[in-house]
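Asks: Structure in structure tokens, see below.
Readers should treat all values here as calculations from the given coordinates under stated rules, not as data from a laboratory. Nothing here was measured: the structure is a model prediction, and the numbers come from that model. Note that we place each Cβ from the backbone using ideal geometry, even for glycine, and neighbour counts take in every protein chain shown.
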Amino acid sequence: MPTVMITGANRGLGFEFAHQYAEDGWNVIATCRTPELASELNKLDGVTEYKLDVGDFDAVAQLAQQLSGIAIDVLINNAGVYGPKAYSLAELDYDVWQDVMHINTFAPLHVTRCFAPHVAASQYKRIATLSSKMGSMADNSSGGSYIYRSSKAGLNAVMKSVAMDFAPQGITTIILHPGWVRTEMGGPNGLIDAPQSVRGMRQVIASASAEHNGRFFNYDGSEIPW
Ligand SMILES: NC(=O)c1ccc[n+]([C@@H]2O[C@H](COP(=O)([O-])OP(=O)(O)OC[C@H]3O[C@@H](n4cnc5c(N)ncnc54)[C@H](OP(=O)(O)O)[C@@H]3O)[C@@H](O)[C@H]2O)c1
């Protein structure tokens, strides 16, 4: 069976990815900050858990080394943070901004760099990164959310370059918006639940080929303008 690796797999969309891939019989490498507290994840069959804070770059490199020789068919960069919601422009905290950039922009790139050889050695060779429509310039008609928007816009830019740089190795890289989902981050007013979002994103990942490389897709498969 193929292998998928998911970051931030203990709750929300990351957990649902682990759940659905495991149910389909995939080998699931589920990483999270505190596996000892990931009680729902612990109950899933076919899931191997690894402790990983994606912001700890040495730990990411060490895990890649520990898993060297293991082919990863699908790498899902899921872990992310919203950062402070209430900050107005006048209150912007640049240190906090840097922390959010570290997790949402730098860390997925570092994970991708470290695990690209595992993906290149696999059969499917796909990298999917959870971004957000809030990182789209074209979609920004309401302003605000400086920190989250810029972290996801930066993520889109680096993943576009990853798509170009790794294409010669046969890797297909796509960028995903999961919809507005009822998770801890999305809150209770989200429009869809995690199972629906993840079913859609898995379908987009499964049908991704070279022609989709470096493009930005909604969970329902429609394309999102940058
Ligand atoms: N929900 C939405 O409506 C929505 C919309 C657009 C985009 N997204 C994106 O979708 C992804 C998943 O979001 P979600 O809704 O599932 O959010 P969530 O419920 O808040 O879950 C976030 C996950 O990321 C993990 N995480 C945060 N910082 C981490 C770190 N430094 N190292 C490792 N894991 C870390 C969390 O782990 P801990 O439990 O340890 O904190 C948790 O597992 C994110 O990238 C988010 O930006 C979500």
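Asks: By how many degrees, 0 to 90 and rounded to 10, does the Cα axis of helix 57-66 deviate from the longest principal axis of the chain?
Replies: Compared with the principal axis, the helix lies near 20 degrees.
Asks: Highest first, please rank the peptides 170-181, 89-100 by the mean number of other Cβ atoms sitting within 10 Å of their residues.
Replies: 170-181, 89-100
Asks: Helix 12-23 versus the longest principal axis of the chain: what is the Cα-based angle in degrees, 0 to 90, to the nearest 10?
Replies: The answer is roughly 20 degrees.
Asks: Please report how far the C-alpha centroid of segment 74-99 lies from that of segment 181-219, rounded to the nearest whole angstrom.
Replies: 20 Å
Asks: Still on this structure, please answer the following. Report the full-extension gain for the segment Met1 to Asp24: residue separation times 0.36 nm, less the Cα-Cα distance, to one decimal in nm.
Replies: Contour length minus Cα-Cα distance gives 7.3 nm.
Asks: Continuing with the same structure: When every alpha-carbon pair in segment 3-218 is counted, what percent end up more than 23 Å apart?
Replies: Here the tail beyond 23 Å accounts for 43 percent of pairs.
Asks: Another one. Calculate the spin-label point distance for Phe57 paired with Asp220, positioning each point 7 Å from the Cα along the beta-carbon direction, and give it in nanometres.
Replies: Going by the 7 Å Cα→Cβ label model, 4.0 nm.
Asks: Trypsin sites (Lys or Arg not before Pro), restricted to segment 34-122: which are DSSP loop and have at most 15 other Cβ atoms within 10 Å?
Replies: Of the trypsin sites (Lys or Arg not before Pro), the ones in loops of segment 34-122 whose Cβ has at most 15 other Cβ atoms within 10 Å are Lys43, Lys85.
Asks: Could you work out how far apart the two model spin labels at Ala138 and Ala210 are, taking each label as a point 7 Å from the Cα in the direction of the beta carbon, and quote it in nm?
Replies: The two pseudo-label positions are separated by 2.5 nm.
Asks: Normalising by the residue count of the chain, find the relative contact order in percent from Cα pairs under 8 Å and 6+ residues apart.
Replies: Answer for the chain is 18 percent.
Asks: Would you mind checking the tilt of helix 194-206 against the longest principal axis of the Cα atoms of the chain, expressed as 0 to 90 degrees and rounded to 10?
Replies: It is inclined by approximately 60 degrees.
Asks: Still on this structure: Provide Ser209, Ser141 in ascending order of the number of other Cβ atoms located within 10 Å of each residue's Cβ, fewest first.
Replies: Neighbour counts put them in this order, fewest first: Ser141, Ser209.
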